[in-house]
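Undergrad: Okay, here's the structure, questions in a sec.
The values are calculated or read from the model by the stated rules, or taken from the named source; none is laboratory data. Given the structure is predicted, the values throughout are model-derived calculations rather than measurements. For neighbour counting, all protein chains shown are included, and Cβ atoms are generated from backbone atoms with ideal geometry for every residue, glycine included. For the accessible areas, the whole protein counts, side chains as well, though only heavy atoms, and no ligand, DNA or RNA atoms are used. Shrake-Rupley method; radii C 1.70, N 1.55, O 1.52, S 1.80 Å.
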Amino acid sequence: MKTLNIFFFGLFFSIVGVGTTLSQNIHQHQQWQDLLETYVNTQGDVDYKNLKQNEKKLDAYLDLISKNPPKDSWTKNKKKAYLINAYNAFAVKLILDHYPIESIKNIGGFFSSPFTTEFAKIGGKLYSLDDIEKGMLLEMGDPRVHFAVNCASESCPKLLNEAYVAEKLEKQLDASAKTFVNSDKNKLSKTKVELSKIFKWYASDFESEFGSVIRFINIYADETIDEEAFINFLSYSWELNEN
């Protein structure tokens, strides 16, 4: 009987230990890191064709995401990194579920959108990509996340080929914002700018935190733009960000 009790106690603490390890590992996002390094290039283009052949690895990461929802005890940066990675991984999964396709916009019907369809399972509940971005991430008051989440399209901010992690999140978000602001997704000059429609669609996010879109851009732009610069918006390509 004593031996049996020892066995069950050992089994219990082994299970608890595994749960603790998984909870700790979720903050490293190593499985997602490995996939990004393998299938996403430095321009943010995704090798969907070959990733499709290894989809089980993505499913394993999403299972880890699903079973380890954010907790109140997590720091703000841990929650933010988790949600950014979750958004990006679920967006990739959505593409793979319908691959080959030319655009994420081809998913869904006349009355449905790939961004409002609830398919991402987190903690036993289903969420849409919009739920994660607008309902969770943007509630944290950081518009830089617009340049971290990737909607699987050419005009989106690029999918970073490394996972976002709490320990270096501030540096990663600043780098992603700077890269996007100075990329060919925008055309900047001192008195006239042509901007990505992200700055139009989400203008209120930048205005509420920084006073204006131009003030936000000037934090990261290589050239300072006049506050009264004329703003025009570029067309947005929804073609797949495929390598």
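Undergrad: Given the residues 113, 73, which is the only one that is under 17 Å from residue 156 (Cβ atoms) and part of a loop (DSSP other than H, G, I, E, B)? Don't jump to the end; show me each part of the working.
TA: On the way: 73 fails: under 17 Å from residue 156 (Cβ atoms).
Every option except 113 fails the conditions.
Undergrad: Let me ask something additional. Limited to the stretch 31-70, what total is found for residues that are part of a helix (DSSP H, G or I) and over 15 Å from residue 86 (Cβ atoms)? Explain how you work it out, then say what you get.
TA: Going through the stretch 31-70, the residues part of a helix (DSSP H, G or I) turn out to be 31-39, 48-52, 55-67.
Now restrict to residues that are over 15 Å from residue 86 (Cβ atoms): 34, 37-39, 48-52, 55-57.
Total satisfying the criteria: 12.
Undergrad: Quick check: anything in the stretch 162-182 open to solvent by 10 Å² or more (accessible area, probe 1.4 Å), within 27 Å of residue 113 (Cβ to Cβ) and of a type in the set (Asp, Glu)?
TA: Checked the stretch 162-182: no residue is open to solvent by 10 Å² or more (accessible area, probe 1.4 Å), within 27 Å of residue 113 (Cβ to Cβ) and of a type in the set (Asp, Glu).
Undergrad: Here's something else I'd like to know. Does the stretch 95-110 hold any residues that are open to solvent by 10 Å² or more (accessible area, probe 1.4 Å), touching a residue at least 40 places away in the same chain (Cβ under 8 Å) and part of a helix (DSSP H, G or I), and which are they? Let's see the steps before the verdict.
TA: Restricting attention to the stretch 95-110, the residues satisfying the condition of being open to solvent by 10 Å² or more (accessible area, probe 1.4 Å) are 97-103, 105-110.
Next, from what is left, pick out any that are touching a residue at least 40 places away in the same chain (Cβ under 8 Å): 99-103, 105.
Once the filter is applied, which keeps residues that are open to solvent by 10 Å² or more (accessible area, probe 1.4 Å), touching a residue at least 40 places away in the same chain (Cβ under 8 Å) and part of a helix (DSSP H, G or I), the stretch 95-110 yields only 105.
Undergrad: Do any residues in the stretch 171-189 that are modelled with pLDDT of 95 or more have Cβ atoms under 6 Å from those of residues that are surrounded by fewer than 18 Cβ atoms within 10 Å (Cβ to Cβ) and in a helix (DSSP H, G or I), where the two are at least six apart or on different chains, and which pairs are they?
TA: 177/220; 178/220; 181/220
Undergrad: If you check residue 114 against the conditions, is it in contact with a helix residue (DSSP H, G or I) (Cβ under 9 Å, 6 or more places away or on another chain), open to solvent by 60 Å² or more (accessible area, probe 1.4 Å) and over 15 Å from residue 81 (Cα atoms)? Break it down stepwise before answering.
TA: Details: in contact with a helix residue (DSSP H, G or I) (Cβ under 9 Å, 6 or more places away or on another chain): yes; open to solvent by 60 Å² or more (accessible area, probe 1.4 Å): no; over 15 Å from residue 81 (Cα atoms): yes.
Spelling it out, it is not the case that residue 114 is in contact with a helix residue (DSSP H, G or I) (Cβ under 9 Å, 6 or more places away or on another chain), open to solvent by 60 Å² or more (accessible area, probe 1.4 Å) and over 15 Å from residue 81 (Cα atoms).
Undergrad: Now a separate question. Among the residues of the stretch 213-230, how many are hydrophobic (A, V, I, L, M, F, W, C), outside any loop (DSSP other than H, G, I, E, B) and under 27 Å from the mean Cα position of the chain (by Cα)?
TA: Narrowing the stretch 213-230 to residues hydrophobic (A, V, I, L, M, F, W, C): 213-214, 216-217, 219, 221, 225, 229-230.
Now restrict to residues that are outside any loop (DSSP other than H, G, I, E, B): 213-214, 216-217, 219, 230.
Still in the list and also under 27 Å from the mean Cα position of the chain (by Cα): 213-214, 216-217, 219.
Residues flagged as hydrophobic (A, V, I, L, M, F, W, C), outside any loop (DSSP other than H, G, I, E, B) and under 27 Å from the mean Cα position of the chain (by Cα) within the stretch 213-230 amount to 5.
Undergrad: Filter the stretch 187-209 for residues that are open to solvent by 70 Å² or more (accessible area, probe 1.4 Å) and either within 25 Å of the chain's Cα centre (by Cα) or hydroxyl-bearing (Ser, Thr, Tyr) (or both) and give the result.
TA: Narrowing the stretch 187-209 to residues open to solvent by 70 Å² or more (accessible area, probe 1.4 Å): 187, 190-192, 200-201, 204, 207-209.
Correct list: 187, 191, 200, 201, 204, 207, 208, 209.
Undergrad: Quick one: which helices (runs of 4 or more DSSP H) sit completely within the stretch 121-212 and have at least 2 residues that are touching a Pro at 6+ places or on another chain (Cβ under 6 Å) and more than 25 Å from residue 103 (Cα to Cα)?
TA: Details: elements: 169-181, 198-201, 203-210.
Of the helices (runs of 4 or more DSSP H) lying wholly inside the stretch 121-212, those with at least 2 residues that are touching a Pro at 6+ places or on another chain (Cβ under 6 Å) and more than 25 Å from residue 103 (Cα to Cα) span 203-210.
Undergrad: Also, quick follow-up: Pairs under 6 Å by beta carbon, first residue in contact (Cβ under 8 Å) with a residue 24 or more places away in the chain and at negative phi in the stretch 69-92, partner among the small types (Gly, Ala, Ser) and in a helix (DSSP H, G or I), six or more apart or different chains?
TA: Note: pairs meeting the criteria are 77/166; 78/166; 81/166.
Undergrad: Looking for whichever is at pLDDT 95 or above and more than 12 Å from the chain's Cα centre (by Cα) here; the options are 162, 167. Which one fits?
TA: Details: 162 fails: more than 12 Å from the chain's Cα centre (by Cα).
Answer to the check: 167.
Undergrad: Among the numbered criteria (1) of a type outside the set (Lys, Arg); (2) open to solvent by less than 70 Å² (accessible area, probe 1.4 Å); (3) without any contact (Cβ under 8 Å) to a residue 12 or more places away in the chain; (4) closer than 27 Å to residue 166 by Cβ, which single criterion is violated by residue 66?
TA: (3)
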